[in-house]
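Structure first, commentary second.
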Amino acid sequence: MRHVPYYPDEDSKLRASNVQVRRGGNCPNTLEVLQQLLRQEQGARLSDRVMLYLVTCLPSRNAPATERIIESFGVDTSVDFSRCIFRDENEEPASSYIIRSSATGSRTIVNYNDLAEMSFDEFVATAESLGSEDAWFHFEGRIPATTLQCIQWLRRSKPKARVSVEVEKPGREGLENLVAEADVVFFSRSWAEVRCAIAHFLPPKASGNP
C-alpha cells in the first residue's frame, strides 16, 4: 500500500508519504484470526483437537515470495501448508497494489495474479487427503462456478462438513448460488450496501379526528 497526499494525475510523478507491505487474502486472514483465538483459548498452547490448513495456489515451493508468505504466519504457527498447490512455473504470488489518497481517503486497487486458479479436481484431491468427515471448509467467493462445484461435492461426499463462504463483490455473477449452499456467509460492506434491501418505516399517523 502506498499512501500519497492526493491521487496522482496520469503520467505524473508523486512521492509517497508511507509504504506498507502486508500479507493479504481472505482465507489466510481468516486462519490468522483463528490461530489467535485458539491461542487465547488454550493459553500459550494450541489445541491438539483443531487443525488449520491453508489450501490455496502459491508460487514454486522454493520461490522467495512463497517463503515470505509462510513465514508471515510466525515461527510457531499452527497452520499446515502441506495442502497448498504450488505452481512450479511461477515465482510471484497474487498481489494487490493499493494507492490511498490522504486528501479524499479513496483507495485505488490494482490486482495482479498470474497463478492458474485451483481446479475442481485439485480441490477434490486435497479434500480427500484431509480424511476428516466433519471438517469446516471456508471458501473465498472469487470463482463462483468452481466454488459451487466444490461445495456440492462436499455435500455429497462429506455431508457432516460445515461450509462457509466469503462474499464481496455485489456485481459478480453466481455468488447468490454460493450463499444458498453455504452454512455460514460473510458479507462485505459493499455487498450489504448494494444488494440488501433496507426497509423504511413511516411513523404512525396521529390518532383522533381532524
Exercise. Which FRET efficiency value, to the nearest 0.05, is calculated for D114 and Q40 with the Förster distance at 41 angstrom and r the Cβ-Cβ distance?
Worked result: 0.65
Problem set entry | Fully extended contour minus Cα-Cα distance, from E92 to S157, at 0.36 nm per residue | 20.0 nm
Seminar exercise, completed: Neighbours of S101 by Cβ distance under 14 Å: Lys/Arg at +1, Asp/Glu at -1, summed charge +3
For this session: Using θ = phi - 60° and the Karplus relation 6.51 cos²θ - 1.76 cosθ + 1.60, list the HN-Hα couplings for region 6-18 in order, rounded to whole Hz, with x at every Gly or Pro.
Result: 7, 5, x, 6, 4, 6, 10, 10, 8, 8, 6, 8, 7
Seminar exercise, completed: Simple spin-label estimate for D80/N18, 7 Å along Cα→Cβ, in nm, reads 3.9 nm
Exercise. Taking θ as phi - 60°, what are the ³J(HN,Hα) couplings along region 108-121 by the Karplus curve (6.51, -1.76, 1.60), each to the nearest whole Hz, with x for Gly and Pro?
Worked result: 9, 10, 10, 9, 9, 7, 9, 7, 5, 5, 5, 8, 4, 5
For this session: Compute the Cα gyration tensor for region 117-195, then decide on rounded, prolate or oblate, letting a ≥ b ≥ c be the square roots of its eigenvalues: rounded whenever a/c is under 1.5, prolate when a/b is larger than b/c in the other cases, and oblate in all that remain.
Result: prolate
For this session: Mind sorting E122, E117 by how few other Cβ atoms lie within 10 Å of their own Cβ, fewest first?
Result: E117, E122
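Values in this text are rule-based calculations from the coordinates and carry no lab data. Predicted, not measured: the structure shown is a model, and the values here were computed from it. Positions of Cβ are backbone-derived with ideal geometry, glycine not excepted, and every protein chain shown enters the neighbour counts.
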